Each structure stands twice: as C-alpha cells, then as structure tokens.
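Asker: One structure follows; several queries about it will come next.
Readers should treat all values here as calculations from the given coordinates under stated rules, not as data from a laboratory. Just so it is clear, the structure is predicted and the values come from calculations on it, not from any experiment. Cβ atoms come from the backbone with ideal geometry, glycine included; neighbour counts cover every protein chain shown.
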Amino acid sequence: MLRSAAFSALRQTKAMPGKGPLFQAARAMASAAGEETVTFEFCDKTFEGYNIDIPSRSVTLTKTEAIGLYRDMQTVRRLEMAADSSYKHKLIRGFCHLCTGQEAVPIGIESAITKEDAIITAYRCHGFTYMRGASPVGILAELMGRKDGVSKGKGGSMHMYAPNFYGGNGIVGAQVPLGAGIAFAQKYKGEKTCTLALYGDGAANQGQVFESYNMAKLWDLPVIFACENNKYGMGTAAGRAAANTDYYTRGQYIPGIRVNGMDVLAVRQAVAYARAYAVENGPMVLEMKTYRYGGHSMSDPGTTYRTREEIQHMRSTSDPITGYKHRLLETGAATEEDLKAIDKQAKKEIDEALAQAKAIPEPNGSELWDHIYVKGAEVPYLRGRVPEEVHYYSNIA
C-alpha cells in the first residue's frame, strides 16, 4: 500500500517513559523560525485503529498555534452562547442546533487541513462555518434571518456556507454522498486535496452512508468520513439504535480510527493523519467521541433521555476548553493572565457581533424569489405559497 512522507511521519511513535498517564509535555526551540514550541504526548487510549496503524502519540505546535486553538474554541463557545440567548429572546426562530461541548471537533479539524480542502456536515454547523472563514456577524445575522447573513437571511441555522464549506445540510445523512461527490471532483481534477464528510451517530445507520463507503473505496476517493459520536441521535442512545457502536469499524473495507473528540489536539492529530492517508490512498473513517451539553436542538431540553448528573459529569471532567486550558498552563505555553485576556476578548468580540447583527434589517420581500435558480437559468414563472401567488422572471423571453 502506498505511504506518503507526510503520512509516515504521522504514524505512531512511542511515548516517553516516566511521565504522567494523560500526556507528557516538553518545550523545545523551533529550528526554523526560532519560535518556542510545545510538544504534547497522548495517552494510550486517545486513538484506536481498525486495519491501520494509529497516529503518532506526540504532537508539536508553536506557542502561537497552541494558543490559537484555545482562542478559536473560546470564540465558538461564546458564539453558541449568544445564539442560545438570542433564541430564548425570540430573535432566532425555527431550528437551531448548537455545538456547545463539541468545540474541539471543528477547531481541531480546521487546524489540520488546508483552505483548499473541503468540509460538508449536517445541521450542527455554526462552528464549522466560523472556522471556514465566516464572520460572527454573518453567522448571527443568518440565525436571525437578516439580509447580511452568510446565506442572506434565507438559510438559518441549518444552511450556512463559506469558502470550501458546503453546509449545513438539513436532511439526515444526505451530506455524506455529497461529500463523496466533492471528493470525486477533487480526484477528477487531479487536486491533492481531500473532503471531510461529517455526520452524527444517529445518521450513521443511514443506507446512503454505506453506499458512499462503497463508491469511495471502489474509486479510492480522497474522502474522510467523520462520525461525530455524541452518544445520542436526537433522544436515542447510540446503543439502542446501532448493533455496532464502534463506528470507526463500520467501513468494513475502509480503515478507521477512533479518537477522543473532546481533545482538540487529538482531533488535530487524527485528521492530519487521515488527510495524509486519504490524499494518497483513498477513504478513511474517523469516529470522534464527543458530547453535546445542550439538547439535540433548542426545542429539546436534553434531560428526558439522560440525567443532569451525566451532563454535569461531562462538563466537569471532559470539557474541551477547560481540559486544554490546563495543558497550556502546565506546559507554560500560556499564563493564566494570557488566557483570561483571550476569554475577555472573545466575549467582547461576540457581544459586538451580536449588537451589529441585531441592527441589520431583514431581507426585502422581493428577494424571496432570488437565488432559487442561477441567473439566466430561471423557469418562466414560479408559484408561491398559494396558486394565486405567481412570480414571473422578467429576463425570460
């Protein structure tokens, strides 16, 4: 089987003896830019492999990179908190799915890929939209249905887009074959890029997921099928819906890796490893074990199918931001004052973005008919909500 230099470099290395059971960290001087770096070591349970070696249990970042991961997670957390508050104040209507607790996934993924790589996901997409380049103002404005939102106020929570980010998709599991199609285009055009097609444990039982596995392996497409396993598909525990909850093994003929999805560094390492593999060899399945603190959506209290004690336990023992904060402090990558300043700045940025988004007006009613068809490809007319409401496209002869 082919192995690229990048892939080989990310393969498993042995951890240093005599260090703590969770991770080991040491500082060194970067040879190129002269910036101080931090090296983190993962415990044995961080990665599990299926028909493939696991990634290296050591990752080195510059201090700037390490602190940047914290800043991004804190910003996404604040963004989701603003969305939660706005929904409760009825500024946001309809569906709204938050990723509070799962921040390590979009931040870890983005830090491991390039801007030329593609991402497509389901409807818990605000964090991905931000990390792909959309502004907090654009995201919050979209949630409130304002004209300057990332989808011009017409998409809402489930339909957001950014450069090489294909949504935000509302049909359960339907984004997975779309992701395979994006990867097909990348291979067809000879690009050395890949696509991450994300889905949840609830969508993992969809037939179209397995059809996508088949086509991707048949054609060795550069796609990473990434299952965000947050333990519950809406209100159904994974074990009640799936005969096999080892989602990383369900590709059968596709290798897989399970990773601790509450650890941003582990996600980063696993995705970098999977990307290097996929670009050269074809598909891989990742399972990211994560947890959402809130309900499935804002209409779900999230406590009828799990206990409050379970949620509090996850918050207190596995929070991705708190856990990463301890790592930064213990390694000396940042001080308490540094992180407090970042926390304060993230709150200020999102508070200001929310105020700006509130001031943006809703789209004009006439824009309802725009962006349904590409300009020049419109049908002669389109019916509205009732038969009597008909819109004629003026540029049609």
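Asker: Hey, got the dipole for the chain? About the Cα centre, +1 on K and R Cβ, -1 on D and E Cβ, debye to the nearest 20?
Answerer: In total the dipole reaches around 260 debye.
Asker: Which three lengths, in whole Å and largest first, does the range 82-185 cover when its Cα atoms are put on their principal axes?
Answerer: 42, 24, 23
Asker: I've got another one for you. Where a Cα-Cα gap under 16 Å defines reach, which aspartates and glutamates qualify for residue 189, not counting those fewer than 8 residues away within the same chain?
Answerer: 116, 117, 220, 280
Asker: How far is helix 308-318 tilted off the main Cα axis of the chain, in degrees rounded to 10, range 0 to 90?
Answerer: Approximately 50 degrees, to the nearest ten.
Asker: Dividing the alpha-carbon radius of gyration of the chain by 2.2 N^0.38 Å (N being the number of residues), what value is obtained?
Answerer: Here the answer is 1.02, to two decimals.
Asker: Pick from 368, 196, 178: which is most flexible by mean-square fluctuation in a GNM of the chain where alpha carbon atoms under 10 Å apart are linked?
Answerer: Ranking 368, 196, 178 by mean-square fluctuation puts 368 first.
Asker: Could you give the angle, 0 to 90 degrees to the nearest 10, between helix 336-359's Cα long axis and the longest principal axis of the Cα atoms of the chain?
Answerer: Taking Cα atoms only, the helix is inclined about 10 degrees.
Asker: Please compute the length gained on full extension between residue 53 and residue 390, using 0.36 nm multiplied by the number of residues separating them and subtracting their Cα-Cα distance.
Answerer: In short, 115.4 nm is gained.
Asker: So what's the gap between the Cα centers of the range 123-146 and the range 212-229, to the nearest angstrom?
Answerer: 27 Å
Asker: Also: For q = 0.08, 0.09, 0.16, 0.20 Å⁻¹, what log10 I(q)/I(0) does the range 117-252 give under the Debye formula with an equal point scatterer on each alpha carbon and no solvent?
Answerer: Ignoring solvent entirely, the Cα scatterers give -0.22, -0.28, -0.83, -1.11.
Asker: Cα axis of helix 175-188 to longest principal axis of the chain: angle in degrees, 0 to 90, nearest 10?
Answerer: 80 degrees
Asker: Checking the a/c ratio against 1.5 first, then a/b against b/c, what shape does the Cα gyration tensor give for the range 211-340?
Answerer: Here the range 211-340 falls in the oblate category.
Asker: Please work out whether the range 271-397 counts as rounded, prolate or oblate from its C-alpha gyration tensor, where a ≥ b ≥ c are the square roots of the eigenvalues and a/c under 1.5 means rounded, while otherwise a/b larger than b/c means prolate and anything else oblate?
Answerer: Prolate is the answer for the range 271-397, as a/c is 1.5 or above and a/b outweighs b/c.
Asker: Project the alpha carbons of the range 135-210 onto their principal axes and report the range along each, largest first, in whole Å.
Answerer: Computed over the range 135-210, the largest-to-smallest principal extents equal 36, 31, 16 Å.
Asker: Additional query: With label points built 7 Å along Cα→Cβ from the Cα atoms of residue 252 and residue 383, find their separation and express it in nm.
Answerer: Roughly 4.3 nm, to one decimal.
Asker: Build a GNM of the chain with springs between Cα atoms under 10 Å: which of 347, 192, 289 gets the top mean-square fluctuation?
Answerer: The residue with the greatest mean-square fluctuation here is 192.
Asker: Efficiency by 1/(1 + (r/R0)^6): what FRET value for residue 313 and residue 44, r their Cβ-Cβ distance, R0 = 25 Å, to the nearest 0.05?
Answerer: The value I calculate is 0.65.
Asker: Among 226, 276, 334, which one shows the biggest mean-square fluctuation in a GNM of the chain, springs joining Cα atoms closer than 10 Å?
Answerer: 334
Asker: Over the range 301-397, what is the relative contact order in whole percent, taking alpha-carbon pairs under 8 Å and six or more residues apart?
Answerer: It rounds to 12 percent for the range 301-397.
Asker: Same structure again: Given R₀ = 25 Å, what would the calculated FRET efficiency be for residue 304 paired with residue 243, taking r from the Cβ atoms and rounding to 0.05?
Answerer: Working: r = 24 Å, r/R0 = 0.97.
After rounding, the FRET efficiency stands at 0.55.
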